[in-house]
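Data first, discussion second: the structure below is written as structure tokens.
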Amino acid sequence: MSTLRRKTFTWLGALLLIAVVVLGLGVGWFYQQMQRSLPQLDGTATLPGLTSTVTIERDALGVPTVIGANRLDVASALGWLHAQDRFFQMDLLRRRAGGELSVLFGAKTLAADKAARIHGFRALAEDAILRLNSGERALVEAYTRGVNAGLRALARSPVEYLALRAEPQAWLAEDSILVAYAMALELHDEGNYERSLAAVRQVYGGEAVDFFAPLLTVADAALDGTMPATSPPIPSEQVIDLRRAPVTDARPDNPDDAPSSGGSNSFALSGAHTANGATLLANDMHLHLRVPNTWYRASLAWTEDTRAPAEGPGHKVTGVTLPGVPLVVAGSNGHVAWGLTNAYADSSDIVVVEPSVIARSLYKNDRELVPFQRRHETIEVKGGAPVDFVVETTVWGPVIGSGEKTRPLVYHWAVHQPGAINLSLVDMETARSVSDAVSVAHRAGMPAQNILIVDDQGHMAWTIAGFLPKRVGYDGRFPVSWTYGDRYWDGDVPETEVPVLADPVDGRLWTANNRIIGGPALDIMGDGGYDRPHRAARVRDRLALVEGATPADLLAIQLDDRAPILDRWHELLLAALTPEAVKGNKARTKLKSLLADWDGRARIDSVSYRLVRLFRQQTANLVFNPIFAPSVIQFEGFSWHRFHYEQPLWLLLTEQPPHLLNPQFASWHEMLLAAADRVVTNLTDQGVAVDEATWGQRNQAQIRHPMSTALPAWLTGWLNMPTDPLPGDSITPRVQRPDFGASERFVVSPGHEAEGLFEMPGGQSGHPLSPFYGAGHDAWVRGEPTPFLPGEATHHLTLSAR
């Protein structure tokens, strides 16, 4: 080797060594900074403002038991814990609602910020704080002190800020209200369902809406047993005739069922059906899954109550808290247990504005012409210039688009109203009976939720937590004009008129985002896009079979991955694959052979489940896409997936009306065969062999940290949860999609909390180096519960004012 080449290799080796050393030093420095931002688990810490010391004991999963002299001290300590373990999550929630993400993430979140700024939540939150009663105001102020003290106590700001080259901003009392608004955004579709209904009516009329988007179906599982005797009639060829005006699919096929309304379950049994004779409650709230998890487990105990006279020697409440909010959202206090599911009551309306023919800058309000108001919002953008965003508003709310004849559409939402968000749910923590708890639910300012309540006296009830609008002059299912004052909201539905179902004769209650009640009570609730009834029916039917129930029996229902609604689709697919249809067709022959192991369960090793489910959706696409193509033209955001489409779809397949057949096909049987062929084609296009297309291969967990999208893939493995194959589906009690599912599962009987069960994806801490970052996640994947109450303390921390 020549001298020159030796020198070249020497220099290259030296440079490589320097690079490795620099990289190692950089990684070491970053790791050191991460360690400095770990939460404090043991010893003592200072929390100014406490009236007495507070002790925090953590168990092996990091679940804290907070023990203080009064509820305000406990609120401060909870804020301290939330900040130490989850501040970045809290920050994102307040920024999500306030439209302030771009100051951290740059232009990539500008669209989300603009969408949030339409609502003006920051100003609403500031107003909401002023409207809180004195007890709630003291609570949130104590919590805020704790959050900021916990943040300051970290030796280094949470690690996410290091990666973003930013510093966390202090927590404000109104930020806790913003967190509630962020949850409202997650639980609400902001009018798309109502506008989709309107698009169908605009094209085909009300008869078509009644058929394709029925509010009541013959498969309903309402608590009061209400359901129609028959399905609405198929629209005649005078209404829709695809033969006269054939259209092609307006959108490419969507092989997977689009998300339904959402998914949460709650159900309860009276003592007549339980092993120990006590009422028993199960709750699993389904949300988008992320790291860290939505909820933060905690057990709070205090000996007196500075907000009201103490009842008894002390209080203890255990359940899930939402980082950013100073109360237990769902859980048990020893006397009362409660759980929540999204009610899909109609808490918003699309208001059609009548613009002036003289000037489009004016609109009609009764007999007056008034100008549209323009609210200027400045959005700070990291790495770029501030963006000026203008929101056009009316007396009824912000303008969100235009409708028929280009008339402006305004969004009128219950959470926009003064006082719509408060912290009154905190009184659930000290409720002593179902009657007390129902009263608390009716004055709680929150997005409308189903709430199931049981108590230690053997009582149980369902009602609505949150406020419902009292409509005058219309039912709220379609956009209407409020111009002339004959249609409006007359405040909230009075507490005495809010529906309540208490102590049912059969001792069973259930909710699954479905329609809960009919008749005049449904008129009060309205239609906010209830979920399809299949999941609720499965829960109801399983619950009816349970006697001598233990918490494990109710957990088994939460983990049920069977979808009976697909049984008939399995039979339909087999019937379509006749000997003539499969003769000489290897793909169809293989498809038919793979249907033999059918049990209707969304098992991770089931091929037949995935095939049948995909066949159902391909069939729905082929039937509905040509029918609704004109509706897509009317409203770009149109979706029929939120409709209760199973009933009309099955009726069409049964009756096979020629005028509603997709014009691409000569017969309905030919269309079904095409759907079967598309099952195979779709999987092949994904590079998946049909006989290896298990449900678990498709339904793999995608539970990610928000920073993982901003970092190289090789750095994100330690941030995200494992990509485990997951059983369950959107149409089974065990609701499960890759990034959506049970954000918690618990089963508890008030007064018997030691027998209760709990599961949660992810862990308590949002810090990747914490032992509690993913603690408990594997048990959630496997459906193995941990105790509802925190276990033996492994860490001890004392907080004091000095």
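Label separation (THR51 vs ARG375): 3.8 nm, computed from points 7 Å beyond Cα along the C-beta direction.
Could you sort the peptides 675-688, 606-619, 459-472 by per-residue average Cβ neighbour count (10 Å cutoff), highest mean leading?
Values: 675-688: 17.1, 606-619: 24.0, 459-472: 22.1.
Peptide ranking by packing, descending: 606-619, 459-472, 675-688.
Using Cα-only point scatterers and the Debye equation, what is log10 of I(q)/I(0) for the chain at each q in 0.05 Å⁻¹, rounded to two decimals? Values returned for q = 0.05 Å⁻¹ are -0.29. Taking the chain as the region of interest, the number of lysine pairs whose Cα atoms are within less than 29 Å, with members eight or more places apart or on different chains, is 8.
May I ask you to list, by number, the DSSP H helices of the chain whose Cα span along the axis is at least 30 Å and whose average Kyte-Doolittle hydropathy reaches -1.0 or more?
Working: long enough: 3-36 (49 Å, 0.71); 607-634 (39 Å, 0.41).
Going by DSSP H runs, the hits are 3-36, 607-634.
Roughly to the nearest percent, how much of the accessible area of region 139-248 is carbon and sulfur, given a 1.4 Å probe? Before the final figure, lay out each step's value.
Details: 2210 of 4310 Å².
Ligands and nucleic acids excluded, carbon and sulfur give 51 percent.
In plain terms, the chain from ARG367 to VAL387 could stretch by 3.5 nm, reckoned as 0.36 nm per residue minus the Cα-Cα distance.
Measuring r between the beta carbons of GLU495 and ASP597 and using R0 = 41 Å, the FRET efficiency lands at 0.20. When the GluC sites (Glu not before Pro) in region 561-639 are filtered for DSSP coil states and for at most 13 other beta-carbon atoms within 10 Å of their beta-carbon, the remaining sites are GLU636. For the chain, the solvent-accessible area of protein heavy atoms averages 38 Å² per residue (probe radius 1.4 Å; ligands and nucleic acids excluded). For a modelled paramagnetic label at LYS590, 7 Å from Cα along Cα-to-Cβ, the residues of region 681-699 in reach, with backbone nitrogen under 19 Å, are 681-698.
Place the peptides 315-322, 518-525 in order of packing, highest mean first, counting for every residue the other Cβ atoms within 10 Å and averaging per peptide.
Details: 315-322: 23.2, 518-525: 16.8.
Highest-to-lowest ranking by the protection proxy: 315-322, 518-525.
Scoring 36-46, 203-213 by mean Cβ neighbours within 10 Å over their residues and listing the highest first yields 203-213, 36-46. How much FRET efficiency would the formula 1/(1 + (r/R0)^6) give for VAL688 and ARG360, where r is the Cβ-Cβ distance and R0 is 56 Å, rounded to 0.05? It comes out at approximately 0.60. Placing +1 on the Cβ of every Lys and Arg and -1 on the Cβ of every Asp and Glu, with no other charges, gives the chain a dipole of roughly 2760 debye about its Cα centre.
Express the carbon and sulfur contribution to the solvent-accessible surface of region 415-456 as a percent, rounded to the nearest whole number, probe 1.4 angstrom. Whole-percent figure for carbon plus sulfur exposure: 47. Placing unit charges on the Cβ atoms of the charged side chains and taking the dipole of the chain about its Cα centre, the candidate lying farthest along the positive direction among ALA689, ALA431, THR511 is ALA689. Remark: relative contact order (the chain) = 21 percent; criterion is Cα-Cα distance under 8 angstrom and separation of 6 or more residues.
With a Förster radius of 35 Å applied to the beta-carbon distance between ALA575 and ARG244, the computed FRET efficiency rounds to 0.70.
Counting protein heavy atoms only, region 556-598 has 59 percent of its accessible area on carbon and sulfur, 1.4 angstrom probe.
Using 0.36 nm per residue and subtracting the Cα-Cα separation, the extra length available between LEU719 and THR303 on full extension is 145.8 nm. In the chain, a dipole from Cβ-located charges (positive for Lys and Arg, negative for Asp and Glu) runs towards its positive end, and of GLY68, GLY774, VAL747 it is GLY774 whose Cα lies farthest in that direction.
The values are calculated or read from the model by the stated rules, or taken from the named source; none is laboratory data. These numbers come from a predicted model, not from an experiment. Positions of Cβ are generated from backbone atoms using ideal geometry, with glycine treated the same way; all protein chains shown enter the neighbour counts. All accessible areas refer to the heavy atoms of the entire protein, side chains included, with ligands and DNA or RNA removed. Shrake-Rupley method; radii C 1.70, N 1.55, O 1.52, S 1.80 Å.
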